[in-house]
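Data first, discussion second: the structure below is written as structure tokens.
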Amino acid sequence: MRYFFTTFCTYAITADTVSPAIISSSATASSLSTATAMANAESIGSIGKSKIMQEGVQIFWKKRYGGGAKEKHLITLHEYVVVYAKDKDSLEDIFVPLEKSAIKRYYKQKDGNFEQRGPYRTHPLEATKSMGERKNLVFPIPGPNCEEIWPKRQWLWSKERVEKALANGEIEFLKGRDDEWSVHSKQYLYDKDGNIRKGKFFSIVDDVFSQHGTNEIIDLFGEAQIFSFPKPTGLLERLIDIACPEGGLIVDLFAGSGSFGHASFSFNLRGGKTTNFIAVQLPEIIDDGSVAFNKGYKTIAEIGKERIRRAAVKIREENPDYKGDLGLKVFKLDSSNIRAWNPDRNDLEHSIIDHTEHLIEGRSQEDVLYELLLKRGVDLTVPIETREITTKGTKNTKKEKESVRGFRDFRGSKKVFSIGYGVLFACLDTAINREEVEDLAMGIIAWHQELEPASDTQVVFRDSAFENDIAKTNMTAILEQNGIKHVRSL
């Protein structure tokens, strides 16, 4: 995980030395809220307020076309985004794709390299006074009529580079009003490998507005008042372009309507880089008289989840050949599924018996599985598959054993999870009889052989599920005899 960034909130998240991070706030924020933002930045990460001030730069976003009839004093037209890093001097240059409007405006000319390099624009080859004096950059360049063209001060390129550019047709001569030639380099839209040129990001964004964000809500929900003033994905995609590398992770700690998740999907659709996101939102209650409440949404978190799901469906419908990941997993913060060991010192025997089942009653298999993954440090986005493995036995549950006289054959099934293409298997069923052990073990073995995982496999069961120690021992023995050496119990 290379770095995080969050936008339009009062918290900053730590970034490493090779990646920028972003914090944003309203242009009308009070000095108190600004101080709070800086204090939170210092408490959360190692980038304190001094670092943000020393190493940060601002991007101004013009969020409105104009107007402002409701404004009492000044008309607020912009918000700002602060881009910061631990050490900006260690950052590489930041380049982003050129806007279509810039390409249309500047890249108009064509030459013999057009088929491979596309259109081009020109830049003066004459160096400005800000460049230090270098005598090796003072030399004549042969002009269109074989005349020598000297620089007024010096060229930007060396003689060898100029000669190579002349041979490739990458130099253009323009005649000025004084009837003298000036030398210009050609900047093509595509490089020699066919990659489109990128440019530096401007510190002012003035072509994407708040109304675009509202239109996106209308497009997905059919109603603007579902969520007021959502940030437009067009702006957020540009922030992703600045800060997110290939495979980067976006963390939005104040997800709201889920704009950043939506932006991640649409950014990936454009191609170039693939990003992932984590969106965090408290279940803030919605006013019971609001449009969103009347539409069935009780919390802001519900709106955000639904927006991301609808955005994924819309992208898939409009781009049926798109193979990118549009998945979403939703987690809620809860207490552990494992009961804490808190014995009664005056009755240890009863405490031990009572703790035979140490998983909290009522928790689903999925609840237990994801806590298992968290405790093992497994990425929650790894592929997880499920299968129902058919078993044959004489008893289904311990309760049935007590309530049914005699024996009866049955065919049941056990849910088994495969995590990471077979690196980990988990069966968290609440009851496994000794008659079911062989069928369940052989089903896991067959699935393991089918997946052929690259590393050692571990299988996890619920310890209290086994009917007795014999059932547990037999399960372990069968799996080990078939190459699965790591069998664990919760």
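Is it the case that A454 is in a loop (DSSP other than H, G, I, E, B) and either of a type outside the set (F, W, Y) or at pLDDT below 95 (or both)? Against the criterion (in a loop (DSSP other than H, G, I, E, B) and either of a type outside the set (F, W, Y) or at pLDDT below 95 (or both)), A454 qualifies. Out of the stretch 337-365, which residues are open to solvent by less than 50 Å² (accessible area, probe 1.4 Å) and modelled with pLDDT of 80 or more? Once the filter is applied, which keeps residues that are open to solvent by less than 50 Å² (accessible area, probe 1.4 Å) and modelled with pLDDT of 80 or more, the stretch 337-365 yields N337, L359, S364, Q365. With respect to K175, determine if the residue is closer than 14 Å to T122 by Cα and open to solvent by less than 40 Å² (accessible area, probe 1.4 Å). When the stated conditions are applied, K175 does not pass them.
From the set of residues in the stretch 257-282 that are in contact (Cβ under 8 Å) with a residue 40 or more places away in the chain and within 19 Å of V330 (Cβ to Cβ), which is most open to solvent (accessible area, probe 1.4 Å)?
Applying the first criterion (in contact (Cβ under 8 Å) with a residue 40 or more places away in the chain) to the stretch 257-282 yields 257-262, 265-266, 268-269, 272, 274, 276.
Remaining after also requiring within 19 Å of V330 (Cβ to Cβ): 257-262, 265, 276.
Values: S257: 3, G258: 3, S259: 10, F260: 5, G261: 2, H262: 25, F265: 6, N276: 78 Å².
Per the stated criteria, the residue is N276.
The residue of the stretch 102-127 that is nearest to I149 (Cα to Cα), among those that are touching a residue at least 12 places away in the same chain (Cβ under 8 Å) and out of contact with any Phe, Trp or Tyr (no Cβ under 8 Å at 6 or more places or on another chain), is P124. All conditions in (1) modelled with pLDDT under 70; (2) over 30 Å from I250 (Cβ atoms); (3) of a type outside the set (V, I, T); (4) open to solvent by 30 Å² or more (accessible area, probe 1.4 Å) hold for M38, with the sole exception of (2).
Among the residues of the stretch 202-228, those that are open to solvent by 50 Å² or more (accessible area, probe 1.4 Å) and more than 24 Å from V313 (Cβ to Cβ) comprise F202, S203, I204, D206, D207.
If you check K164, K135, which single one turns out to be over 16 Å from S185 (Cβ atoms) and either surrounded by fewer than 17 Cβ atoms within 10 Å (Cβ to Cβ) or in contact with a helix residue (DSSP H, G or I) (Cβ under 6 Å, 6 or more places away or on another chain) (or both)? Show your work before the answer.
On the way: K164 fails: over 16 Å from S185 (Cβ atoms).
Only one candidate qualifies: K135.
Taking residues in the stretch 354-373 that are in contact (Cβ under 8 Å) with a residue 12 or more places away in the chain, and partners anywhere that are small (G, A, S), the pairs with Cβ atoms closer than 7 Å and at least 6 places apart or on different chains are T356/S464; E357/S464; L369/A426; E371/S336; L372/A426. Of the residues that sit in the stretch 178-196 and are of a type in the set (A, V, I, L, M, F, W, C) and within 17 Å of P124 (Cβ to Cβ), which one is least open to solvent (accessible area, probe 1.4 Å)? Across the stretch 178-196, the extreme among qualifying residues is V183.
What are the residues in the stretch 302-335 that are touching a Lys or Arg at 6+ places or on another chain (Cβ under 8 Å) and either free of Cβ contacts under 8 Å to residues at least 60 places away in the same chain or in a helix (DSSP H, G or I) (or both), if any?
Filtering the stretch 302-335 for residues touching a Lys or Arg at 6+ places or on another chain (Cβ under 8 Å) gives 322, 326, 328, 330.
Scanning the stretch 302-335 gives Y322, V330.
Within the stretch 163-182, being part of a strand (DSSP E or B) and within 45 Å of the chain's Cα centre (by Cα) holds for I171, E172.
For the stretch 141-156, what are the residues that are open to solvent by 60 Å² or more (accessible area, probe 1.4 Å) and touching a Lys or Arg at 6+ places or on another chain (Cβ under 8 Å)?
Here is the first cut: in the stretch 141-156, the ones open to solvent by 60 Å² or more (accessible area, probe 1.4 Å) are 142, 144-146, 148, 150, 152-153, 156.
Residue satisfying the conditions is R153 alone.
Within the stretch 428-451, the set of residues being outside any helix (DSSP H, G or I), over 21 Å from G377 (Cβ atoms) and either of a type in the set (A, V, I, L, M) or open to solvent by less than 10 Å² (accessible area, probe 1.4 Å) (or both) comprises A431, I432, N433, E436. In the stretch 429-437 there is no residue that is at pLDDT 95 or above and touching a Cys at 6+ places or on another chain (Cβ under 8 Å). Looking across the stretch 234-251, the residues that are open to solvent by less than 10 Å² (accessible area, probe 1.4 Å) and either more than 11 Å from N276 (Cα to Cα) or of a type in the set (A, V, I, L, M) (or both) come down to L235, L236, L239, I240, A243, I250.
Scanning the stretch 137-162 for residues that are assigned to a helix (DSSP H, G or I) and more than 18 Å from H123 (Cβ to Cβ) yields K159, E160. Taking the numbered list (1) part of a loop (DSSP other than H, G, I, E, B); (2) open to solvent by less than 40 Å² (accessible area, probe 1.4 Å); (3) within 18 Å of I226 (Cα to Cα); (4) not charged (D, E, K, R) in turn, A292 passes all entries but (1).
Yes or no: the stretch 463-485 includes at least one residue that is surrounded by fewer than 19 Cβ atoms within 10 Å (Cβ to Cβ) and basic (K, R). Yes, the conditions are met somewhere in the stretch 463-485.
Please name all residue pairs, on different chains or six or more residues apart, with Cβ atoms under 7 Å, provided the first residue is in the stretch 63-76 and is under 22 Å from D207 (Cβ atoms) and the second residue is open to solvent by 70 Å² or more (accessible area, probe 1.4 Å) and assigned to a loop (DSSP other than H, G, I, E, B). Close Cβ pairs satisfying both conditions: G68/I75; T76/T28.
The values are calculated or read from the model by the stated rules, or taken from the named source; none is laboratory data. Here the structure is a predicted model, which is why all the values come from computation and not from measurement. Counting neighbours? That spans all protein chains shown, and the Cβs are built from the backbone with ideal geometry, glycine included. In case anyone asks, the SASA skips ligands and DNA or RNA and just uses the protein heavy atoms, side chains included. Shrake-Rupley method; radii C 1.70, N 1.55, O 1.52, S 1.80 Å.
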